[in-house]
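Take a look at the structure below.
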Amino acid sequence: MNDYRLVRFLAIAPLFFLLSCNRLQKPVEKTNAKDLMTIKKDYYGNAGDSNVYLYTLKNNKGLEVAITNYGGIITSILAPDREGHFEDVVLGFDSLGGYLSGHPYFGCIVGRYANRIARGKFELDGKIYKLATNNGPNHLHGGEEGFDKKIWKATDIVKSDSVYLVLEYTSPDGEEGYPGNLDVKVTYVLNNENELKIYYEAQCDKPTPVNLTNHSYFNLAGAGSGNILDHELMIEADKYTVVDETLIPTGELRPVENTPMDFKNSKKIGKDLDQVKGGFDHNFVLNNKGKFSKVAEAFEPISRRVLEVFTSEPGIQFYSGNFLDGTETGKNNKTYHKHYGFCLETQHFPDSPNHPEFPEVILTPGEIYQHQTMYKFSTRKE
Ligand code: BGC
């Protein structure tokens, strides 16, 4: 570069820098004019050197779902009550910083293996694999740095009847001790029926266990407004997996009938909670026979909001927020205490790699791991 060119470059370089920062910070909105659905992309902050974005999906009923490509976290869901008042019904933080400084898996995609693997060990094709023991003696939710802490490649799409956020991540061979490369795709889809669908897909190049879920904590009265013990819950499950004191299944599938675990008819979460040591944190064996169907429904009597859960997965972890302890300051400076949120995590059974009698969780090369879950929001009239 001659002197003249150098001077010219130095003069305009800051301008380019400012322009690119501006582009980074400026929200970009795509609209589907016909059905009034939008998806907006905002700069959300930085995780290390990477830019992180927040995508806000909105339908023509005003229902809004915000998702960040950091951990695929659903940061908020604004849903109407019976009078049409919108409230944020999931726990989380006001900004990326809250998620970066550690939290109990608020709203995120969990993987490579959601829930526990006993002693962080499993055997596959004669080889023992060792994973992090990040939950007492056990492995939980994919280890020290699971899919909930990854930056996902995001593509936003507006279609005629729905808005899509496609998230992709490749988990390298050996990551967190798991065998093989795993290409993962999670697609969030919002439509005008107030349905939020989540499609999960994965492919591997070596046999590996896979179990993906979303870990949203719901409070249908509004995040931070109180506990969820008066919510009424129904779960379509005749059985649950009995666990030991470290929450690892013993292998027994026990009928729920005449036990505090019976949610076949809707009942208040708080009704029998005292009879379950530590609170609800159990995998229910769903009656859906692997077919995508309704498996659970939660109802909050004051706002009259309803959440229905549909899935093709064989199990659901009902977790009553037992370990929330008021140390988390969430959105709008609200503190999340014990039982301030509940999770309905659609999944394969915990510790399946060590339970050959449970539905298969080993994905092999050439196969496609696939399942679908849907959260549907509505209100009850009377
Ligand atoms: C587990 C709980 C755990 C929570 C947050 C749930 O899926 O079952 O035991 O405390 O996630 O990590």
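Pick out the one residue from Val256, Val285 that is in contact with a Leu (Cβ under 8 Å, 6 or more places away or on another chain), closer than 27 Å to Glu357 by Cα and buried (at least 16 other Cβ atoms within 10 Å of the Cβ).
None of the other options fit; the residue is Val285.
The single condition among (1) open to solvent by 10 Å² or more (accessible area, probe 1.4 Å); (2) assigned to a strand (DSSP E or B) that Phe318 does not satisfy is (1).
If the condition is being more than 16 Å from the ligand (Cβ to nearest atom) and either among the acidic types (Asp, Glu) or part of a strand (DSSP E or B) (or both), then the range 201-225 contributes Glu201, Ala202, Gln203, Cys204, Asp205, Thr208, Pro209. For the range 299-313, the set of residues classified as within 17 Å of the chain's Cα centre (by Cα) and more than 16 Å from the ligand (Cβ to nearest atom) consists of Leu307, Glu308, Phe310, Ser312, listed by residue number. In the set (1) open to solvent by 50 Å² or more (accessible area, probe 1.4 Å); (2) within 30 Å of Gln203 (Cα to Cα), the condition left unmet by Asp325 is number (2). Within the range 79-118, the set of residues being within 16 Å of the ligand (Cβ to nearest atom), touching a Phe, Trp or Tyr at 6+ places or on another chain (Cβ under 8 Å) and among the β-branched types (Val, Ile, Thr) comprises Val90, Ile109, Val110.
Got a sec? Which of Glu345, Glu367, Glu297, Glu360 is part of a strand (DSSP E or B) and more than 28 Å from Gly102 (Cβ to Cβ)?
Glu297 is the lone residue from the list that is part of a strand (DSSP E or B) and more than 28 Å from Gly102 (Cβ to Cβ).
In the range 23-32 there is at least one residue matching the filter, namely being open to solvent by 70 Å² or more (accessible area, probe 1.4 Å) and modelled with pLDDT under 70.
Of everything in the range 127-143 that is buried (at least 21 other Cβ atoms within 10 Å of the Cβ) and within 14 Å of the ligand (Cβ to nearest atom), the residue that is farthest from Tyr178 (Cα to Cα) is Asn138.
Yes or no, residue by residue, for (1) within 16 Å of the ligand (Cβ to nearest atom); (2) surrounded by fewer than 19 Cβ atoms within 10 Å (Cβ to Cβ):
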| site | (1), (2) |
| --- | --- |
| Gly120 | yes, no |
| Asp125 | no, yes |
| Glu145 | yes, yes |
| Lys150 | no, no |
| Gly174 | no, yes |
| Gly177 | no, yes |
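The values are calculated or read from the model by the stated rules, or taken from the named source; none is laboratory data. Since this is a predicted model, take the numbers as computed values, not measurements. Here the Cβ is made from the backbone with ideal geometry for all residues, glycine too, and neighbour counts use every protein chain on show. Calculation scope for accessible area: heavy atoms of the full protein, side chains included, ligands and nucleic acids excluded. Shrake-Rupley method; radii C 1.70, N 1.55, O 1.52, S 1.80 Å.
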